[in-house]
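Novice: Handing you a structure now.
The values are calculated or read from the model by the stated rules, or taken from the named source; none is laboratory data. A quick note: this is a predicted structure, and the numbers were derived from the prediction, not measured. Here Cβ is always computed from backbone atoms with ideal geometry, including for glycine, and neighbour counts include all displayed protein chains. Ligands, DNA and RNA are excluded from the accessible area calculation, which covers all protein heavy atoms including side chains. Shrake-Rupley method; radii C 1.70, N 1.55, O 1.52, S 1.80 Å.
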Amino acid sequence: MAPSSAGFVTALTAAALATVGLLGYQAYATAPAHLTKARTNGSPAITTPKAPGSRKNSAPLPPGSGTGARVVYSLRGHRVWLVGLGDKVIRTFEVTPGDIAPAPGVYAVTSRSNAVTGTDGAPIEHVVRFTSVDGVAIGFSAAVGDAAPPDPSTTTVRTGGIRESRADGDVMWTFATIGATVAVIP
């Protein structure tokens, strides 16, 4: 490598590190206060408020859904469990799947988007993607406002979005960071 090439690569590396640092600071500065508190025990800092009469935490974790901190998604049950250290269920909730489902298996969160437009045209937030099927991204998301999941009988749009409530989406967003395990069970 010529001396000028090494200097160029060094400059590019420094610029990239500065950009990542700036983006990290911006994310930290705009994050809600409860998400920026220090964690001392290694488990996600998640609160799980329950509304009166709520049954969010009533479904037991299915056996054979893996071990360790993970997201468990039941295809037949249309339910998600957020599981912390020691196989402790932090939260469980019902979801509305898209018309394309992932195969049962273990995945990792590959990308996230704070706010985008879903394939059905609805504004969505806290998108946590973990796989794709035939070019369609599969992941969890919450519709913004009163946008309802599309009715499969009236649309030809292929969706891999697994819709959750905004409150559940907030908790999923905090819990399922890049690389987090997602166990899909039948």
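Novice: Hey, ARG70 hits all of (1) open to solvent by less than 30 Å² (accessible area, probe 1.4 Å); (2) touching a His at 6+ places or on another chain (Cβ under 8 Å) but one; which does it fall short on?
Specialist: Every condition holds for ARG70 apart from (2).
Novice: Inspect segment 118-125 for any residue being open to solvent by 60 Å² or more (accessible area, probe 1.4 Å), among the hydrophobic types (A, V, I, L, M, F, W, C) and more than 16 Å from LEU82 (Cα to Cα) and give the result as yes or no.
Specialist: Going through segment 118-125, the residues open to solvent by 60 Å² or more (accessible area, probe 1.4 Å) turn out to be 119, 123.
Checking which are among the hydrophobic types (A, V, I, L, M, F, W, C) leaves us with none.
Scanning segment 118-125, I find no residue that is open to solvent by 60 Å² or more (accessible area, probe 1.4 Å), among the hydrophobic types (A, V, I, L, M, F, W, C) and more than 16 Å from LEU82 (Cα to Cα), so the answer is no.
Novice: Would you check if there is a residue in segment 118-135 being under 18 Å from the mean Cα position of the chain (by Cα), in contact (Cβ under 8 Å) with a residue 60 or more places away in the chain and not in a loop (DSSP other than H, G, I, E, B)? Write out each step before concluding.
Specialist: Going residue by residue through segment 118-135, those that are under 18 Å from the mean Cα position of the chain (by Cα) are 118-119, 122-133.
Filter again for in contact (Cβ under 8 Å) with a residue 60 or more places away in the chain, leaving none.
So far as segment 118-135 goes, no, none of its residues is under 18 Å from the mean Cα position of the chain (by Cα), in contact (Cβ under 8 Å) with a residue 60 or more places away in the chain and not in a loop (DSSP other than H, G, I, E, B).
Novice: Let me ask another. Taking only segment 85-100 into account, find how many residues are over 16 Å from the mean Cα position of the chain (by Cα) and farther than 18 Å from ALA176 by Cα. Walk me through it before giving the result.
Specialist: First, pick out the residues of segment 85-100 that are over 16 Å from the mean Cα position of the chain (by Cα): 85-89, 99-100.
The next check asks that each one be farther than 18 Å from ALA176 by Cα; those that pass are 99-100.
Residues that pass the stated criteria total 2.
Novice: For segment 102-115, check the following and say yes or no: at least one residue is free of Cβ contacts under 8 Å to residues at least 24 places away in the same chain and either open to solvent by less than 50 Å² (accessible area, probe 1.4 Å) or among the β-branched types (Val, Ile, Thr) (or both).
Specialist: yes
Novice: Take the residues in segment 136-148 that are small (Gly, Ala, Ser) and in a strand (DSSP E or B); name whichever of them is most open to solvent (accessible area, probe 1.4 Å).
Specialist: Initial filter on segment 136-148 (small (Gly, Ala, Ser)): 137, 139, 141-143, 145, 147-148.
Checking which are in a strand (DSSP E or B) leaves us with 137, 139, 141-143.
Working: ALA137: 53, GLY139: 6, SER141: 4, ALA142: 0, ALA143: 14 Å².
Filtering first and then ranking leaves ALA137.
Novice: Moving to a separate point now. Out of the residues in segment 149-164 that are within 14 Å of GLU125 (Cα to Cα) and either of a type in the set (Lys, Arg) or modelled with pLDDT under 95 (or both), which is surrounded by the fewest Cβ atoms within 10 Å (Cβ to Cβ)?
Specialist: We begin by selecting, within segment 149-164, every residue within 14 Å of GLU125 (Cα to Cα); these are 149, 161-164.
From the residues that got through so far, the ones that are either of a type in the set (Lys, Arg) or modelled with pLDDT under 95 (or both) too are 149, 161, 163.
Values: PRO149: 18, GLY161: 28, ARG163: 23.
If we take residues in segment 149-164 being within 14 Å of GLU125 (Cα to Cα) and either of a type in the set (Lys, Arg) or modelled with pLDDT under 95 (or both), then PRO149 is surrounded by the fewest Cβ atoms within 10 Å (Cβ to Cβ).
Novice: Filter segment 86-99 down to the residues that are of a type in the set (Val, Ile, Thr) and surrounded by fewer than 17 Cβ atoms within 10 Å (Cβ to Cβ), then identify the one that is farthest from ARG166 (Cα to Cα). Talk me through it step by step, then tell me what you get.
Specialist: Of the residues in segment 86-99, the ones of a type in the set (Val, Ile, Thr) are 89-90, 92, 95-96.
Add one more test, that the residue is surrounded by fewer than 17 Cβ atoms within 10 Å (Cβ to Cβ), and what stays is 89, 96.
Details: VAL89: 19, THR96: 13 Å.
Top of the filtered list is VAL89.
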